[in-house]
Amino acid sequence: MSLDALDALYKEVILDHYQNPRNRQPVADPTVATEGYNPVCGDQLTLQLKLVDGKITGVGLQGKGCAISQASASMMTEAIQNQTPEDAERLADAFRQFMTADELPEGDLGDLQVLEGVRQFPVRIKCATLAWHTLQEALKEYRSGQRAGKLVIRE
C-alpha cells in the first residue's frame, strides 16, 4: 500500500471515530468515574468504568474536544472493553510511550497505530493522550476505592 493510501486510511479511521464515537452512553452504576480536562486546548471528557469479577465490563465516555482527542478516546473505549485493569494499564502505558518516545516502541497497538501521525505535532500529543491519562487516573481511583475524581493535564 502506498504512503498516500495509508495516510488516507489513517485519516478515515480517525474521522470515523470522531464522527461516530464508540461507547458514548453513560454506564449505569459505574464502579468509577473520572473527569479529564486539558485547559490548553479545552478538550474534556468523563470516563466511566464498570468492573465486574476483575474485568472492565462497561465503558462510558462523554466529552467534547478536537477530532484527535475524541477519536483517541473512542478507540480507547473499544481497546479496554473486557480487559483486566492490569491489561488496560499496560495498554495505556504502551500507548503513552508510543506517542512520546523518541523512537517508536516495538509491539502492536492495533488500530491505535493510526494516531502515529500525531507524533509530528507535539502540541497535539496531549489531545491524543488525554483519555489514556484519564483511564490511568480512573484505575488508580479504582484500586484505592474511590468512585470519582478529576484530572487536569498540565504543561
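The values are calculated or read from the model by the stated rules, or taken from the named source; none is laboratory data. Every value quoted in this text rests on a predicted model; they were computed, and no experiment measured them. Please note: Cβ atoms are built from the backbone with ideal geometry, for glycine as well, and neighbour counts cover all protein chains shown.
Residues of segment 31-44 that are within 15 Å of residue 72 (Cβ to Cβ) and in contact with a Phe, Trp or Tyr (Cβ under 8 Å, 6 or more places away or on another chain): 43, 44. Look at segment 68-89: where a residue is on the phi < 0 side of the Ramachandran plot and a partner is of a type in the set (Asp, Glu) and surrounded by fewer than 24 Cβ atoms within 10 Å (Cβ to Cβ), sitting 6+ places away or on another chain with Cβ atoms under 6 Å, you get 75/111.
Just one of (1) under 11 Å from residue 130 (Cβ atoms); (2) under 11 Å from the mean Cα position of the chain (by Cα) fails for residue 38. It is (2).
Of all the residues in segment 88-128, those that are surrounded by fewer than 20 Cβ atoms within 10 Å (Cβ to Cβ) and in contact with a strand residue (DSSP E or B) (Cβ under 9 Å, 6 or more places away or on another chain) number 0.
Residues in segment 72-124 that are modelled with pLDDT of 90 or more, among the basic types (Lys, Arg) and touching a helix residue (DSSP H, G or I) at 6+ places or on another chain (Cβ under 8 Å): 96 alone.
So that you can scan it fast, the table gives a plain yes or no per residue for (1) of a type in the set (Gly, Ala, Ser); (2) closer than 21 Å to residue 40 by Cβ; (3) not in a strand (DSSP E or B):
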residue: 60; (1), (2), (3): yes, no, no
residue: 73; (1), (2), (3): yes, yes, yes
residue: 94; (1), (2), (3): yes, no, yes
residue: 99; (1), (2), (3): no, yes, yes
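Scanning segment 55-73 for residues that are crowded, with 23+ Cβ neighbours inside 10 Å and closer than 13 Å to residue 17 by Cα turns up 61, 68, 69, 70, 71, 72, 73. Tell me, please, whether a residue that is of a type in the set (A, V, I, L, M, F, W, C) and under 17 Å from residue 29 (Cα atoms) can be found in segment 85-101. The answer is no; no qualifying residue exists.
Looking only at segment 45-62, which residues are out of contact with any helix residue (DSSP H, G or I) (no Cβ under 7 Å at 6 or more places or on another chain) and closer than 15 Å to residue 73 by Cβ? Outline the logic, then answer.
Pass one, segment 45-62, residues out of contact with any helix residue (DSSP H, G or I) (no Cβ under 7 Å at 6 or more places or on another chain): 46, 48, 50, 52-55, 57-58, 60, 62.
Within segment 45-62, 46, 48, 60, 62 meet the criteria.
Within segment 125-155, being modelled with pLDDT under 85 and of a type outside the set (Gly, Ala, Ser) holds for 146, 147, 150, 151, 152, 153, 154, 155. Taken over segment 55-71, residues that are hydroxyl-bearing (Ser, Thr, Tyr) and at pLDDT 95 or above amount to 1.
Of everything in segment 17-54 that is at pLDDT below 90 and of a type in the set (A, V, I, L, M, F, W, C), the residue that is surrounded by the most Cβ atoms within 10 Å (Cβ to Cβ) is 41.
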